[in-house]
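The values are calculated or read from the model by the stated rules, or taken from the named source; none is laboratory data. Quick caveat, the model's predicted, so the values are computed rather than measured. Every residue, glycine as well, gets a Cβ built from its backbone with ideal geometry; the counts of neighbours run over all protein chains shown.
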Amino acid sequence: MGGRYEETHRRSIADPEGFWAEAAEAIHWNRRWDRVLDDSGKPFYRWFTGGELNTCYNALDYHVERGRADQAALVYDSPVTSTRRTYTYRELRDETARFAGALAAAGVGKGDRVIVYMPMVPEAAIAMLACARLGAIHSVVFGGFAANELAVRIDDAKPKVIVSASCGIEPGRIVQYKPLLDRAIELAKHAVERTIVLQRAAHPCDLVAGRDLDWAQAMAAARPHDCVPVAATDPLYVLYTSGTTGQPKGVVRDNGGHAVALKWTMKNIYGVEPGEVFWAASDVGWVVGHSYIVYAPLLNGNTTILYEGKPVGTPDAGAFWRVLAEHQVSVMFTAPTAFRAIKKEDPKGTLIGDYDLSRFRTLFLAGERTDPDTLHWAEEKLKVPVIDHWWQTETGWSICANCMGIEQLPVKAGSPTRAAPGMDVQVVDEGCNRLPAGQIGALVVKLPLPPGSLPTLWNADQRFVDAYLAEFPGYYKTADAGYIDEDGYVFVMARTDDIINVAGHRLSTGGMEEVLASHPDVAECAVIGVADQLKGQLPLGFLVLNAGVERGDAEIVSECVKLVREQIGPVAAFKTAVVVKRLPKTRSGKILRGTMRSIADRESWKMPATIDDPATLDEITESLRGVGYAG
Ligand code: COA
Ligand code: AMP
């Protein structure tokens, strides 16, 4: 007999329908479902088919009608503008209903797409919820992406309206969003006829007459719009994430399964009761922001914090402790990189002593593996449980976690603990055979995935099958490699594709290579992710120049750095590249990126048997030394 965790997990796998039907009772349905799990279209699974609901109703109106109208729903805390603003559930409902009216007046209806390209302001959450209210599908694009990335998303999502802001505020600089938005609209093939732009005092922008509406004016002219019931299986949002090429994957999230799963996670994974304050220090442009700044805390009747600032520098490494104390946060969620940044500035954690953290109970970390140093530092300084949990944009919530609301399991450093209920996590070899405990292989999840996980990719059913389901029949491929130990603890070790994780941000090295290859002097290139103490990984480029290029290497490298920043965005953090004569390859022409990474990171490595010319690795080692890698 196991404990409560084992019992819950066993039940979720043995009887998924019973398990999730029970969880679904916590959601308000306009029409109950016909089937909990619909597998009639295998390998595409649908949850709660026949059911109808509205996600915004469940996140806002439901609480207003049931005694939480005057409770804080969202607290906007912005050290970069010295602003604090609290929205009660009633106020957030009213603002959202009005903005839904503004969107409707701009022609947005059920099923239409709306792109949200905004900094961390409450209006971003309001725009998302307003789309949900109308049954429209939002697609939030992270503000650190450049115009070209936005244009790619515009062409894929074909939005009726784009909601944006005049600027974002990064420490030390204003990011003008409007020129990026204008450029993206110009680059895109899909015609964008309407934008709604929030004017921010830090840098108001010019509006294009006939196309751009001012947010404040659109709100003043709008009438509140009611919630539109949608099918449980209708998409709530599309969130683009890095794939193995420059063409990002549009991860689709449904309404029903998402609401059921996310509300369930608040109590069962995060151990949070309605009414408590929950803070996810992330960005609405990432899945963490979608799930745990906006939807889950609101579905659960919590107060959520929307923080426009950084862990350090706004103004100092005590910023997180200030927010925790000032807003009486019970549970916080962020990425390990944020803690590494704090630890670097205040290694002794002296600033923690300046704040009353008596309400603070648990710290959750995700986005990348929590390295044992960071784990132990946070445990020691904060004296609360520190929980690493593993998930992906695709799953929308944890694949593995220490479920604090079910049973707190002992923490093992380096492991996100055990499979979350609903997730049947296994390790398999290339032939899809299960591997014994301790052996590294592909981490896969047996189908069906639980509610809230992606049902498909936007307008790309076949790509969904090819990318996630084809390689290991009957399983979802996470594209992470790792192992499960004797106690069932999962260890996530590395990606099996070209994705790298920079400061908790997921980026494709293949996408960067596409940009570098477009430079007229570059004949061939490779990008690898090298270890970085602060950000986890950083991209590093190798450039082979065309014969006859006379210009200096430094000039070309700096142009390439600029190109990646312009094409992908500052978030790529692409700052280093080296010019090399040749790239190391196998005899069949495959670039030996893995070996190059091992050399850069000073790991032990073996000469690949299939290498075409071993001398190329000596040349690479020499070049790496020149930029501070490879020892
Ligand atoms: N809009 C415009 N630019 C942005 C941006 C945004 N929303 N977010 C980041 N950028 C820019 C930064 O200003 C920086 O630009 P620079 O090259 O001119 O300095 C660049 O993108 C890289 O940003 P980032 O990787 O965040 O590095 P940083 O040095 O600014 O900060 C940390 C490092 C660790 C403090 C920061 O990454 C952080 O707070 N991470 C928290 C974790 C997190 O949010 N994870 C998301 C998933 S949970
Ligand atoms: P994203 O889709 O941006 O959330 O990135 C998902 C990827 O980040 C995963 O596939 C992992 O490679 C990595 N990741 C996220 N959380 C963890 C974690 N707790 N441990 C190890 N890797 C993680």
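Data overview
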quantity	calculated
Tally of residues being farther than 28 Å from residue 125 by Cα and surrounded by fewer than 17 Cβ atoms within 10 Å (Cβ to Cβ) across region 304-345	2
Checklist (1) crowded, with 17+ Cβ neighbours inside 10 Å; (2) more than 32 Å from the chain's Cα centre (by Cα); (3) modelled with pLDDT under 95 applied to residue 595, failing item	(2)
Among the candidates 516, 540, residue that is among the aliphatic types (A, V, I, L, M), away from ligand 1 (no atom under 16 Å from the Cβ) and out of contact with any Pro (no Cβ under 7 Å at 6 or more places or on another chain)	516
From the options 465, 428, residue that is of a type outside the set (Phe, Trp, Tyr), more than 16 Å from ligand 1 (Cβ to nearest atom) and within 23 Å of residue 239 (Cβ to Cβ)	465
Single residue of region 345-403 satisfying the filter (touching a residue at least 40 places away in the same chain (Cβ under 8 Å) and at positive phi) that is nearest to ligand 1 (Cβ to nearest atom)	367
Exclusive hit being touching a helix residue (DSSP H, G or I) at 6+ places or on another chain (Cβ under 6 Å) and buried (at least 24 other Cβ atoms within 10 Å of the Cβ), set 54, 58	58
Filter pass, residue 491 being aromatic (Phe, Trp, Tyr) and either surrounded by fewer than 16 Cβ atoms within 10 Å (Cβ to Cβ) or farther than 28 Å from residue 603 by Cα (or both)	no
In region 173-189, the residues that are touching a residue at least 40 places away in the same chain (Cβ under 8 Å) and either touching a strand residue (DSSP E or B) at 6+ places or on another chain (Cβ under 6 Å) or exposed (fewer than 13 other Cβ atoms within 10 Å of the Cβ) (or both)	175, 177, 181
Residues (more than 20 Å from residue 268 (Cβ to Cβ) and in contact (Cβ under 8 Å) with a residue 12 or more places away in the chain) located in region 431-453	432, 435, 437, 438, 439, 440, 441, 442, 443, 444, 446, 447
Residue list for region 422-446, filter: closer than 19 Å to residue 23 by Cβ and either in a loop (DSSP other than H, G, I, E, B) or charged (D, E, K, R) (or both)	422, 423, 424
Residue match in region 564-578 (condition: touching a residue at least 60 places away in the same chain (Cβ under 8 Å) and acidic (Asp, Glu))	yes
Complete set of residues in region 331-344 that are assigned to a helix (DSSP H, G or I) and either in contact with a strand residue (DSSP E or B) (Cβ under 6 Å, 6 or more places away or on another chain) or near ligand 1 (Cβ under 10 Å from one of its atoms) (or both)	336, 337, 338, 339, 340, 341, 342, 344
Residues of region 330-341 that turn out to be away from ligand 2 (no atom under 16 Å from the Cβ) and under 25 Å from residue 372 (Cβ atoms), as a count	2
The listed residue being out of contact with any Ser or Thr (no Cβ under 9 Å at 6 or more places or on another chain) and under 22 Å from residue 251 (Cβ atoms), out of 112, 94, 156	112
Residue in region 534-573 that is farthest from the chain's Cα centre (by Cα), counting only those that are in a helix (DSSP H, G or I) and of a type in the set (Gly, Ala, Ser)	554
Region 464-500: number of residues that are part of a strand (DSSP E or B) and either closer than 23 Å to residue 241 by Cα or within 12 Å of ligand 2 (Cβ to nearest atom) (or both)	16
Positions within region 351-396 being in a loop (DSSP other than H, G, I, E, B) and under 15 Å from the mean Cα position of the chain (by Cα), in sequence order	366, 367, 368, 369, 389, 392, 393, 394, 395, 396
Some residue of region 609-622 being under 27 Å from residue 506 (Cβ atoms) and either outside the structural domain of residue 183 (by TED's automatic domain parsing) or assigned to a helix (DSSP H, G or I) (or both)	yes
Cross-chain or 6+ apart pairs with Cβ under 9 Å, region 1-30 first and farther than 14 Å from residue 448 by Cβ, then modelled with pLDDT under 95	7/1; 9/2; 10/2
Filter result (in contact (Cβ under 8 Å) with a residue 12 or more places away in the chain and either in a helix (DSSP H, G or I) or surrounded by fewer than 21 Cβ atoms within 10 Å (Cβ to Cβ) (or both)) within region 503-519	504, 506, 509, 510, 511, 512, 513, 514, 515, 516, 518, 519
Some residue of region 319-330 being of a type in the set (Ser, Thr, Tyr) and within 15 Å of ligand 1 (Cβ to nearest atom)	no
